[in-house]
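First the structure, in the form of structure tokens, and then the observations on it.
The values are calculated or read from the model by the stated rules, or taken from the named source; none is laboratory data. Since the structure is predicted, the reported quantities are computational estimates derived from the model, not experimental observations. Methodologically, a virtual Cβ is constructed for each residue, glycine included, from the backbone with ideal geometry; neighbour enumeration extends over all protein chains shown. Ligands, DNA and RNA are stripped out before the accessible areas are found, and what is left, the full protein with its side chains, is counted by its heavy atoms. Shrake-Rupley method; radii C 1.70, N 1.55, O 1.52, S 1.80 Å.
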Amino acid sequence: HTMQALSSNLLSSELVEAMNNPPKDLVEEYSFPKTRAPYEHQVKAWKILSNPEPQSIIVSSGTGSGKTECFMVPILDKLYREQKEIQGKLIGVRALFLYPLNALINSQRDRLEAWTSASKGNIRFCLYNGNTDESTPRGNVDPSSCEIRDQKPLRETPPPFLVPSTTLLE
């Protein structure tokens with residue numbers, strides 16, 4: 001099945017559109033066209049994780065085979081559906097991604113920015129590690145970004161996606 005075909009039943013059309021049309025500077029690496037057929041293990045994971053009854057899965061696959069999409073897409077799908085329902089900014093952590101290294105945390109920044117940007121700031125994320133400043137000078141904040149880059153707004157209006165380092169989580 002193509003992403004377009006999946007948007008009619010398994011995935012929200014808003015998510016499929018967001019993945020199809022990331023910001024121009026992220027298109028080359030993070031465009032997931034509507035015409036693309038995802039890997040079989042991705043679709044299986046999406047079906048299992050979209051079940052109303054909480055489920056667990058283990059995905060074992062080679063490097064570069066789309067394991068991240070197996071868990072990230074169902075979470076984004078739920079967030080896009082919830083955001084559409086409330087017609088506003090989602091506040092409060094709903095997904096916690098744990099990575100053992102800051103390099104792995106930082107590797108998710110562009111993917112999350114690419115696939116949340118269509119929400120126009122209503123689905124936000126924060127990569128929370130030792131480099132997260134207490135506050136950022138007003139002129140240094142990109143209003144079009146869905147990323148929270150400092151601790152003050154993280155505490156005031158927590159984003160639905162939080163990607164902390166294990167040290168800061170402790």
Counted residues in segment 96-114 being among the hydrophobic types (A, V, I, L, M, F, W, C) and in a loop (DSSP other than H, G, I, E, B) come to 3
Is it true that Pro33 is outside any helix (DSSP H, G or I), under 17 Å from the mean Cα position of the chain (by Cα) and free of Cβ contacts under 8 Å to residues at least 60 places away in the same chain?
yes
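Quick grid of which residues meet (1) of a type in the set (Phe, Trp, Tyr); (2) more than 19 Å from Arg124 (Cβ to Cβ); (3) without any contact (Cβ under 8 Å) to a residue 40 or more places away in the chain:
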residue	(1), (2), (3)
Thr2	no, yes, yes
Asn9	no, yes, yes
Tyr39	yes, yes, yes
Pro100	no, yes, no
Provide a single number: the residues in segment 15-25 that are within 16 Å of Ser145 (Cα to Cα), open to solvent by 20 Å² or more (accessible area, probe 1.4 Å) and part of a helix (DSSP H, G or I).
2
Do we have any residue at all in segment 51-69 that's over 19 Å from Glu147 (Cβ atoms), among the hydrophobic types (A, V, I, L, M, F, W, C) and in contact with a helix residue (DSSP H, G or I) (Cβ under 8 Å, 6 or more places away or on another chain)?
yes
Which listed residue is at pLDDT 95 or above and not charged (D, E, K, R), from Val59, Val16:
Val16
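Here is a yes/no grid of residues against (1) farther than 23 Å from Leu76 by Cα; (2) modelled with pLDDT of 75 or more; (3) open to solvent by less than 90 Å² (accessible area, probe 1.4 Å); (4) not β-branched (Val, Ile, Thr):
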residue: Gly130; (1), (2), (3), (4): yes, no, yes, yes
residue: Asp133; (1), (2), (3), (4): yes, no, yes, yes
residue: Gly139; (1), (2), (3), (4): yes, no, yes, yes
residue: Ser145; (1), (2), (3), (4): no, yes, yes, yes
residue: Asp150; (1), (2), (3), (4): no, yes, yes, yes
residue: Leu154; (1), (2), (3), (4): no, yes, yes, yes
residue: Pro158; (1), (2), (3), (4): no, yes, yes, yes
residue: Thr166; (1), (2), (3), (4): no, yes, yes, no
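From the list Arg111, Arg124, pick out the single residue that is under 9 Å from the mean Cα position of the chain (by Cα) and under 25 Å from Gln4 (Cβ atoms).
Numbers: Arg124 fails: under 25 Å from Gln4 (Cβ atoms).
Matching residue, one of Arg111, Arg124: Arg111.
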Of the numbered conditions (1) open to solvent by less than 60 Å² (accessible area, probe 1.4 Å); (2) without any contact (Cβ under 8 Å) to a residue 12 or more places away in the chain, Glu53 satisfies every one except a single condition; which is it?
(1)
Within segment 39-95, residues assigned to a helix (DSSP H, G or I) and touching a strand residue (DSSP E or B) at 6+ places or on another chain (Cβ under 6 Å) come out as Ile75
A careful count of residues in segment 35-44 that are out of contact with any Asp or Glu (no Cβ under 8 Å at 6 or more places or on another chain) and open to solvent by less than 70 Å² (accessible area, probe 1.4 Å) gives 3
Checked pairs for segment 67-80, first closer than 17 Å to Val93 by Cα and touching a residue at least 40 places away in the same chain (Cβ under 8 Å), second among the polar types (S, T, N, Q) and surrounded by fewer than 17 Cβ atoms within 10 Å (Cβ to Cβ), C-beta under 8 Å and 6 or more apart or across chains, list as Asp77/Ser50
